[in-house]
1. For segment 340-386, which residues satisfy the criterion of being over 19 Å from L419 (Cα atoms), out of contact with any helix residue (DSSP H, G or I) (no Cβ under 8 Å at 6 or more places or on another chain), in a helix (DSSP H, G or I) and at pLDDT below 95?
2. Can you confirm whether N391 is crowded, with 17+ Cβ neighbours inside 10 Å and without any contact (Cβ under 8 Å) to a residue 60 or more places away in the chain?
3. Taking S520 and the conditions (1) in contact with a helix residue (DSSP H, G or I) (Cβ under 8 Å, 6 or more places away or on another chain); (2) surrounded by 11 or more Cβ atoms within 10 Å (Cβ to Cβ); (3) at pLDDT below 95; (4) assigned to a loop (DSSP other than H, G, I, E, B), which numbered condition does it fall short on, given that it satisfies the others?
4. Against the condition more than 15 Å from I148 (Cβ to Cβ) and of a type in the set (D, E), how does D72 come out, does it pass?
5. Of all residues in segment 240-257, which are farther than 15 Å from C214 by Cβ and buried (at least 24 other Cβ atoms within 10 Å of the Cβ)?
6. Among the residues that make up segment 453-475, is at least one of them crowded, with 20+ Cβ neighbours inside 10 Å, assigned to a helix (DSSP H, G or I) and modelled with pLDDT under 95?
7. Out of all the residues in segment 92-122, which are aliphatic (A, V, I, L, M) and under 33 Å from the mean Cα position of the chain (by Cα)?
8. Can you list the helices (runs of 4 or more DSSP H) found entirely within segment 57-166 that contain at least 2 residues being surrounded by fewer than 13 Cβ atoms within 10 Å (Cβ to Cβ)?
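The values are calculated or read from the model by the stated rules, or taken from the named source; none is laboratory data. If you're wondering where the values come from, they're calculated on a predicted model, not measured in any experiment. Cβ coordinates were reconstructed from backbone atoms using ideal geometry, including for glycine residues, and neighbour counts include every protein chain displayed.
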Amino acid sequence: MASNNDKNKSLESWIWDAACSIRGAKDAPKYKDYILPLIFTKRLCDVFDDELNRIATEVGSRKKAFQLAKADHKLVRFYLPLVPDDPEQPVWSVIRKLADRIGEGVTSHMRAIARENPLLQGIIDRVDFNATTHGQRDLDDDRLSNLIEAVSSKRLGLDDVEADIIGKSYEYLIRKFAEGGGQSAGEFYTPPEVGTIMSRVLAPEPGITVYDPCCGSGGLLVKCEIAMEESAQGKGRSVAPLKLFGQEYIPETWAMANMNMIIHDMEGQIDIGDTFKNPKFRNKQGKLRTFDRVVANPMWNQDWFTEADYDNDELDRFPAGAGFPGKSSADWGWVQHMHASLNATGRAAVVLDTGAASRGSGNAGTNKEKTVRQWFVDQDFVESVLYLPENLFYNTTAPGIVLFLNKAKSKERQGKVFLVNASQVFAKGDPKNFIPIEGIQRIADTLIGWKEEEKLSRIVDHAELVKNDYNISPSRYIHTSDAETYRPIAEIVEELEGIEAEARETDVALRKILKQLGVSA
């Protein structure tokens, strides 16, 4: 009998083979917008078949089952208006047997499915499989036929694969795209082991709300649901599901997040739009809605938000005492949004650029980013900081950190921050490093229990953080090598870049003032 790992590998290989069937591995990432909706539709078709078979056992035939489902859509989760000539044939065969004008046929069928299912509108019908550029088909019928055949080779019904294995396969495919897609792909892909650590530490409980303001493909929200179910002592779906909420500004990625949620049968809502400038989740008074947990991996060091973007905010996201983090990096601006999105007992985990933990500390003069960081420490909202290994992320070799916030720290943890330097907890991979299963467990257990361990973790009093000018980087306090002066080069470079950016910003402001005074610079 095949092990779960073998089954998982088989499913991953099948999906990648499907991707490569279009135009080889090199160009596969270009076609993710075609591949993912087809795989998603195959899952819908196979589950619909399972539901029809269940009805057929009660009424005597699949023909009657089709008629009943058409008459009452509530009998099935998603009603698919795809009826084979022979009702005994799989529903997917309607798509598989398309012989000519295949792109037009697939597009028509997906739009028909969306019309019957409002939940799928804007998700399954976004892609035109018949689209052309300069008179040439983007995906010709021959290659589309190959893709359909590759997708047809595996059944994805209720008894064939579990929802989380489908999710892992999506994750695998997204990772493969990230390998080929570089910078842009990294925006919507968080290494799964990082998401697992974050979700386990946040320990979401049945029925609570979880929010990701820049949710990408929805992977972190899914991780929270899985962590909750795993901790429910084998009760699985008998416990109340999490209520998941996310916002994403790239339409294609927003659609991917919705597919991910639906395929996992999770309860939630993914909105589209720019969270920083227009967060969609509001309460009845128009104020920012708050949640039990917030989890996110925003794009690092966004530099296109100006002081006006912060100044014009009417949602009280940026407290006067904290100020704005400056134009060179919105990392702490995102942290401020997430903090404002937490209820009175809320907790958050956010992935940030390594420099966000230390930029400005030890420098002469003021630094806007450090001022915001100081506010969070002084208000005692920072619970712990995790320093990650290098070369995990697809859009950078920098290690990154995970910042954990808690609005209601326990009495024994008040006035302290728990720091974990996990820079050495990894295994070499190609093209990227990864944290092995035992490493994930070790890091999560350490963070949950606040366990101090030499060269790994330390509880640091606020007084020591103040002494170090609010540098909260674990690498500053926990040395993993014998050399006392060891600091990762990537972190030093990040700090230097931050100092240079701050200097440029100050120079521009000074020139502006001198110009107003009529003095030449």
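1. The one that is over 19 Å from L419 (Cα atoms), out of contact with any helix residue (DSSP H, G or I) (no Cβ under 8 Å at 6 or more places or on another chain), in a helix (DSSP H, G or I) and at pLDDT below 95: T371.
2. The answer is yes for N391.
3. Single failed check for S520: (2).
4. Here the answer is yes, as D72 does meet what is asked.
5. L242, A255
6. Yes, because at least one residue in segment 453-475 is crowded, with 20+ Cβ neighbours inside 10 Å, assigned to a helix (DSSP H, G or I) and modelled with pLDDT under 95.
7. Once the filter is applied, which keeps residues that are aliphatic (A, V, I, L, M) and under 33 Å from the mean Cα position of the chain (by Cα), segment 92-122 yields I95, V106, M110, A112, I113, A114, L119, L120.
8. Values: elements: 62-71, 93-96, 102-116, 141-152.
Ranges flagged: 141-152.
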